[in-house]
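Every number in this text was worked out from the coordinates using simple rules, so none of it is lab data. Everything numeric in this text was worked out from a predicted model, so none of it was measured. All Cβ positions, even for glycine, are placed from backbone atoms using ideal geometry, and neighbour counts span all protein chains on display.
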Amino acid sequence: MLLLRCPQCKQTMKYQATDNKPVEKKVKRCVYCGKNFKIRQNVEKIL
Ligand SMILES: [Zn+2]
């Protein structure tokens with residue numbers, strides 16, 4: 001599991017990959033502000 005930080009509102013959220021595909025191109029929608037951001041560049045921590 002990854003801990004992601006939104007580049008816009010700086011909130012952190014957990015992300016669980018549901019398959020084994022590489023995360024390079026994956027996008028997460030921030031649960032706080034709704035911004036879509038790339039996972040790879042915004043990993044705060046690997047849990
Ligand atoms: Zn956000």
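Tabulated results
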item	result
The chain, relative contact order [Cα under 8 Å, separation at least 6], %	46
Qualifying lysines (Cα of each under 17 Å from Cα of Lys25; at least 8 residues distant if same chain)	Lys35, Lys38
Exposure proxy ranking, count of Cβ atoms within 10 Å, fewest first, for Arg29, Arg5	Arg29, Arg5
Rg/Rh for the chain, where both radii come from Cα atoms and Rh is the Kirkwood radius	0.92
Long-range HN-HN contacts of Lys35 with modeled amide H, under 5 Å	Cys30
